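Engineer: Structure in structure tokens, see below.
The values are calculated or read from the model by the stated rules, or taken from the named source; none is laboratory data. The model shown is predicted, which means the values in this text are computed figures rather than measured ones. Here Cβ is always computed from backbone atoms with ideal geometry, including for glycine, and neighbour counts include all displayed protein chains.
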Protein chains: 2
Amino acid sequence: MRSAVIHGAGDVRIENRPEPLVLTPGDAVLRVAASCVCGSDLWSYRGVSPVRSPRPIGHELLGVVEALGDEVTSVQIGDLVVVPFSLNCGACQACRSGYPSVCESMTMVGGLDRAGRQLDGAQGERVRIPLAQASLRPVGLSEADAEARGLIPHLLALADVMPTGYHAATSARVHPGDVVAVVGDGAVGLCAVLAARMLGAERVIIMSRHADRAAIAREFGATDVVAERGAEAAEAVRALLDGDLADAALECVGTKESMDQALAVVRGGGNVGFVGVPAGGPELSIRELFTRNVGVKGGMSSARHYLDVLLSQVLDGTIDPGKVFDRTVPLDDLAHAYELMDDRRAIKVLVRP
Amino acid sequence: MRSAVIHGAGDVRIENRPEPLVLTPGDAVLRVAASCVCGSDLWSYRGVSPVRSPRPIGHELLGVVEALGDEVTSVQIGDLVVVPFSLNCGACQACRSGYPSVCESMTMVGGLDRAGRQLDGAQGERVRIPLAQASLRPVGLSEADAEARGLIPHLLALADVMPTGYHAATSARVHPGDVVAVVGDGAVGLCAVLAARMLGAERVIIMSRHADRAAIAREFGATDVVAERGAEAAEAVRALLDGDLADAALECVGTKESMDQALAVVRGGGNVGFVGVPAGGPELSIRELFTRNVGVKGGMSSARHYLDVLLSQVLDGTIDPGKVFDRTVPLDDLAHAYELMDDRRAIKVLVRP
């Protein structure tokens, strides 16, 4: 089968790889219905995270079940399923507490399984998914029906970006009536706007300098756009809010600057939800948090935990997170998908095998 | 009038000072009905926080209103009032949001007022209280009635330690059914135990090596005592919880060790509420918070915000936070009160003028 392998910075190739097979009783083998490129894939593509040896890449997919291990009863052969980007056991304290992303057995799609075996990446034709019983979420529609109803992009967004934006909002304890500022206008930041509105935010400020992204943010419910950065951004927020700051800030980038930005636009006693993968730092000043009574919570999204509520809202048309996909390419043009995202010519690229 | 002044490490004196007067329309002058020594007073007493020049000391009191500025209508002459250790305006965004401790005009009892004038300390006969309108909370009982009902210590605890323990618990989002670990067995830690139970915690683990303090913790609802520290403490918690960790950890000390301890005993996705004044650090690792999905929130307690609920529970006998006072001394023996607390011969000393 054909599947993506990254060889080094700027070098993603589609290669022929062995067909994935069921290796353990907890496995599923899926045919990939749709996949996509994540902002975090660009860390390797840009050489920020060195690629020591060629490895599969891609962790977001919508799939159709082709084979199942004996212990998997939660899905059936032929089911269209959402695959959360992190897989989980369903039984440990983290899973029981609603935090499957910090499951004791947590395994990334496209990463290494618990026995150290390399999984194929989601940017390909087929994948083996361990921990399938607790991880996979059947859509309840056939692939053909989902396709006919135009739901493929919205369902695919549930694999990562939408639950990640939602995690930012729940981590920041967004409540009905809140004013929420979103730092980051990538696909996750845009989904965080949508999530803040789902949780009842009355006003959502997107910090964006890109008209196309700000336009989608407005479709998702953003009420204001702030282009300023740094101290000027906080002043711009105060100008919008009669001198006040935001009740919650959602950090969706992962740099020191973006975390500082989030802290700067949130009021005393407010909350920062952060989902940007911390790129080498920063450390948080506990004295600043103490002095301002600002809370910080976040991390890798517990995607599986949010799938029930998010899926039902996609199916009933309440949310349409797939709008973050502004380009679609066939798998054979995957290298082009990376170029589009690297150059910021695309927000997020959907890949069809 | 007589009032406390700290001159340097180990040197607290009762001195004659001018009678405090109403200086602004927002002031109240109170006669001190009861005061006490705070663990944070010991930072100066022990020389950890240098005393550059002699200054009043003490920020916790229960008082009786003796004089009022023209703008103060929320209390009457003769009222017995709880004075939260931080005073607030009641109008800014922080006050409106339930975080009076980060009020734009926040003023500490015994500190400097907004015009830079030194206030008298609570460890004395009388004090001037600015921002009285929003800050003071009338008890609704006369001093004689409160005395006759034995409520003075419990009401005094509402000035600082009880709302501070409560702030740790609310900041850590303690929910009904939670398992909560409390780091610190001083008066605040003990009150945090009580607060965790008020919020519905099913199991409360106090980390203590002092039998007398652990005994009060049990009276306040602690179900388990862990004497271990460091990695062994986390193992001891796991042993109590069938391999699990606590849903929430309440940090009530303010050292790097105590914060590390709190982080070590909380589960992935759990929350640390911290109220120990950070003594020089630490910085928090954002990568650890990200990886474990652990939230951190806290700081100086919004005491005034919690006073309504706490006062009603003291008055109806539901909570008895004054049990943290294990010694009472007259104001003239204040130096002895400091010695008792410095030597850990007392948990918290009540001072009667």
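Engineer: Sort through B:R238, B:R229, B:R327, B:R287 and tell me the only one that's among the charged types (D, E, K, R) and under 28 Å from A:L263 (Cα atoms).
Structural biologist: B:R287
Engineer: Checking A:V179 against (1) within 14 Å of another protein chain (Cβ to nearest Cβ); (2) surrounded by fewer than 24 Cβ atoms within 10 Å (Cβ to Cβ), which single condition isn't satisfied?
Structural biologist: (2)
Engineer: While we're here: Pick from B:A94, B:A67, B:A132, B:A115: which is buried (at least 24 other Cβ atoms within 10 Å of the Cβ) and either more than 26 Å from B:P321 (Cα to Cα) or not assigned by TED's automatic domain parsing to the domain that holds B:V329 (or both)?
Structural biologist: None of the other options fit; the residue is B:A94.
Engineer: Collect the residues in region A:97-108 that are in contact (Cβ under 8 Å) with a residue 12 or more places away in the chain and surrounded by fewer than 24 Cβ atoms within 10 Å (Cβ to Cβ), keeping them in residue-number order.
Structural biologist: Result: A:G98, A:E104, A:S105, A:M106, A:T107, A:M108.
Engineer: Can you name every one of the helices (runs of 4 or more DSSP H) wholly within region B:265-349 that holds 1 or more residues which are of a type in the set (S, T, N, Q) and away from chain A (no Cβ under 13 Å)?
Structural biologist: Helices (runs of 4 or more DSSP H) meeting the threshold: B:303-315.
Engineer: I'm told B:S101 meets every condition in (1) away from every other protein chain (no Cβ under 14 Å); (2) under 21 Å from B:A187 (Cα atoms); (3) assigned to a helix (DSSP H, G or I); (4) not aliphatic (A, V, I, L, M) except one. Can you identify the failing condition by its number?
Structural biologist: Answer for B:S101: the failing condition is (1).
Engineer: Continuing with this model, one more query. Determine whether A:A146 is farther than 21 Å from A:S44 by Cβ, part of a helix (DSSP H, G or I) and under 20 Å from the mean Cα position of the chain (by Cα).
Structural biologist: In short, no.
Engineer: Output the number of residues of region B:77-98 satisfying the condition of being in a loop (DSSP other than H, G, I, E, B) and within 14 Å of another protein chain (Cβ to nearest Cβ).
Structural biologist: Number satisfying all stated conditions: 6.
Engineer: Also: What do you reckon, is A:N271 among the polar types (S, T, N, Q), out of contact with any Asp or Glu (no Cβ under 8 Å at 6 or more places or on another chain) and in the same structural domain as A:E235 (by TED's automatic domain parsing)?
Structural biologist: no
Engineer: Can you work out which of the residues in region B:77-114 that are under 22 Å from B:A157 (Cα atoms) and among the polar types (S, T, N, Q) is nearest to the chain's Cα centre (by Cα)?
Structural biologist: Out of the qualifying residues, it is B:S86.
Engineer: Kindly indicate which of A:V75, A:V127, A:V51 is closer than 19 Å to A:Y306 by Cα and of a type in the set (A, V, I, L, M).
Structural biologist: Step by step, each of A:V75, A:V127, A:V51 is checked, and only A:V75 is closer than 19 Å to A:Y306 by Cα and of a type in the set (A, V, I, L, M).
Engineer: Can you tell me which residue within region B:294-330, out of those that are surrounded by fewer than 19 Cβ atoms within 10 Å (Cβ to Cβ) and of a type in the set (A, V, I, L, M), is farthest from B:V266 (Cα to Cα)?
Structural biologist: Here the residue is B:L315.
Engineer: For B:G184, state whether it is away from chain A (no Cβ under 14 Å) and in contact with a Cys (Cβ under 9 Å, 6 or more places away or on another chain).
Structural biologist: Yes; evaluated as a whole, the condition is true for this residue.
Engineer: Out of everything in region A:256-292 that is hydroxyl-bearing (S, T, Y) and surrounded by fewer than 18 Cβ atoms within 10 Å (Cβ to Cβ), what residue ends up being modelled with the lowest pLDDT?
Structural biologist: Restricting to residues being hydroxyl-bearing (S, T, Y) and surrounded by fewer than 18 Cβ atoms within 10 Å (Cβ to Cβ), the top hit is A:S285.
Engineer: Quick one: is A:L190 over 20 Å from A:G295 (Cβ atoms) and outside the structural domain of A:G276 (by TED's automatic domain parsing)?
Structural biologist: No: the conditions fail for A:L190.
Engineer: Taking only region A:202-251 into account, find how many residues are charged (D, E, K, R), out of contact with any Phe, Trp or Tyr (no Cβ under 6 Å at 6 or more places or on another chain) and assigned to a strand (DSSP E or B).
Structural biologist: The number of residues fulfilling the criteria is 3.
Engineer: If I ask for residues that are over 16 Å from A:R203 (Cα atoms) and part of a loop (DSSP other than H, G, I, E, B), which ones from region A:149-179 would you list?
Structural biologist: A:R149, A:G150, A:L151, A:D160, listed by residue number.
Engineer: Sort through A:L112, A:L151 and tell me the only one that's more than 23 Å from A:Y306 (Cα to Cα) and of a type outside the set (V, I, T).
Structural biologist: Within the list A:L112, A:L151, the selection yields A:L112.
Engineer: Continuing with this model, one more query. Given the conditions (1) more than 14 Å from chain B (Cβ to nearest Cβ); (2) free of Cβ contacts under 8 Å to residues at least 40 places away in the same chain, and given that A:A134 satisfies all but one, which numbered condition is not satisfied?
Structural biologist: With respect to (1) more than 14 Å from chain B (Cβ to nearest Cβ); (2) free of Cβ contacts under 8 Å to residues at least 40 places away in the same chain, A:A134 is out only on (2).
Engineer: If you go through region B:1-13 one residue at a time, do you hit one that is buried (at least 19 other Cβ atoms within 10 Å of the Cβ) and in a loop (DSSP other than H, G, I, E, B)?
Structural biologist: No: region B:1-13 contains no residue that is buried (at least 19 other Cβ atoms within 10 Å of the Cβ) and in a loop (DSSP other than H, G, I, E, B).
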